[in-house]
1. In segment 47-66, what count of residues is obtained for those that are within 19 Å of the chain's Cα centre (by Cα) and away from the ligand (no atom under 15 Å from the Cβ)?
2. Quick one: in segment 21-46, which of the residues that are buried (at least 24 other Cβ atoms within 10 Å of the Cβ) and more than 8 Å from the ligand (Cβ to nearest atom) is farthest from Leu202 (Cα to Cα)?
3. I need every pair where a residue in segment 11-27 that is within 16 Å of Met1 (Cβ to Cβ) has its Cβ under 7 Å from the Cβ of a residue that is charged (D, E, K, R), sequence separation at least 6 or different chains.
4. Given the condition part of a loop (DSSP other than H, G, I, E, B), of a type outside the set (S, T, N, Q) and modelled with pLDDT under 95, answer yes or no: does some residue in segment 1-23 qualify?
5. Can you tell me which residues in segment 240-257 are under 24 Å from Asp46 (Cβ atoms) and either not in a loop (DSSP other than H, G, I, E, B) or not polar (S, T, N, Q) (or both)?
6. Restricting attention to segment 67-112, and to residues there that are under 20 Å from Ser143 (Cβ atoms), within 10 Å of the ligand (Cβ to nearest atom) and not hydrophobic (A, V, I, L, M, F, W, C), which single residue is nearest to the chain's Cα centre (by Cα)?
7. Pairs, please: C-beta under 8 Å, at least 6 apart or cross-chain, first residue of a type in the set (A, V, I, L, M) and in segment 184-196, second part of a helix (DSSP H, G or I)?
8. Could you tell me which of the residues Ala147, Ala122, Ala153, Ala170 is under 20 Å from the mean Cα position of the chain (by Cα) and without any contact (Cβ under 8 Å) to a residue 12 or more places away in the chain?
Amino acid sequence: MSYETILVEQRGAVTLVTLNRPQALNALNSQVLSELLGAMRAFDADPSQGCAVLTGSEKAFAAGADIKEMQAQGFADMYGHDFFAGWDVFTRTRKPIIAAVSGFALGGGCEVAMMCDFILAADTAKFGQPEIKLAVTPGMGGSQRLARAVGKAKAMEMCLTGRMMGAEEAERAGLVSRVVPAAELVEDAVKTAATIASMAPLAVKANKEMVNAAFETTLAQGVAFERRLFHAMFGTADQSEGMAAFVEKRPGNWTGK
Ligand code: CAA
C-alpha cells in the first residue's frame, strides 16, 4: 500500500510509522487519518509484526489537528460527522504502539501521542494543548488523558493557558516514560519496540489490556481483571514454554499459542 502523508517501514517485527507532512509540521488532516487507519489496521492484523512506533520529524511530532481544514467548518459538519472519532484507532489496536516524540506535540499531536501505549520523548520534545488560543478546546481526548497522566493542576494550567511543557517536565510529571537525546530517539524507540515484539504475543496483549484497564475500572475490578487474565495465561502453550525455558536456562521459543 502506498501513502502520501505517512511513511511505513517494517524493521524486523517492528512497524515504524513516520508522519510526513513537513510543510505543515505534520498537522493531522483527514488524509493523514485515513492513511494511519490503513497502516495501523494492517499492523494489527500482520502476525509477523509485534509492536509499532509512531514518530514525526525532528521539528514536530505533530503540531495539532489541521487548523486550515477545520477553519470553515460549522457545528453541523463537526457533530454530524463526529469529527475526530476515527482517531481512537490508536486505542483500539491490540498490539502496543510507542509514540516517539521529537519537537512539537501540540493539540491533536499531544492527544495522539497520549493515545499510544507510552511516549518516549526526545530532549527537544514540547507538549501542549493550545486549543484555547484558537477559542476552542481539545477534541481528541486531551483534557481527559492529560489530566489522568499529569494530574489536575498541570492539565488545567496547560489547557487554560496553552503553555507548552518541555521533555524534562513531562518526564517528572509522568507524561513520558523516558527522555533520550534527539539524535537517538527513533533508534531507541525501535529497539524498545523490538524488545516488546520479542515477548510472547499473547502475554504482550494481556499486559497491555490490563494496564489500560487501570484507567477504566475501580481498583478492585482492575485487580480482579488482572488476576483472571493472569489465570488465562496458564491456558497458553507459551506459558509452559516460558517457564520451562527459565528452568532449563535457555531463551523461550514462542508460538503465539
Ligand atoms: N494546522 C495547519 N497548519 C499548521 C499547523 C496546524 N495545526 N501547525 C503549523 N502549521 C503550518 C503553518 O501554517 C505553516 O504553514 P505555511 O508555511 O503555509 O504558513 C507551517 O505549518 C509552519 O508553521 P509555522 O510557520 O507556524 O512554524 P513556527 O516554527 O513558526 O511555529 C508552532 C511552530 C509554534 C508549532 C506553530 O506552527 C503553531 O502554533 N501551530 C499551531 C499549534 C496549534 O494550535 N495546535 C492545535 C491545533 S487544534 C487541535 O489540535 C484540536 C484538537 O484538539 C485535536
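1. Result for segment 47-66: 7.
2. Asn26
3. Leu16/Glu9
4. Checked against the condition, which is being part of a loop (DSSP other than H, G, I, E, B), of a type outside the set (S, T, N, Q) and modelled with pLDDT under 95, segment 1-23 yields at least one hit.
5. Glu241, Gly242, Pro251, Gly252, Trp254, Gly256, Lys257
6. Only one residue tops the list, namely Glu111.
7. Ile196/Val204
8. Answer to the check: Ala147.
The values are calculated or read from the model by the stated rules, or taken from the named source; none is laboratory data. Note that this is a predicted model, so its numbers are computed, not measured. So basically every Cβ, Gly included, is an ideal-geometry build from the backbone, and we count neighbours across all protein chains shown.
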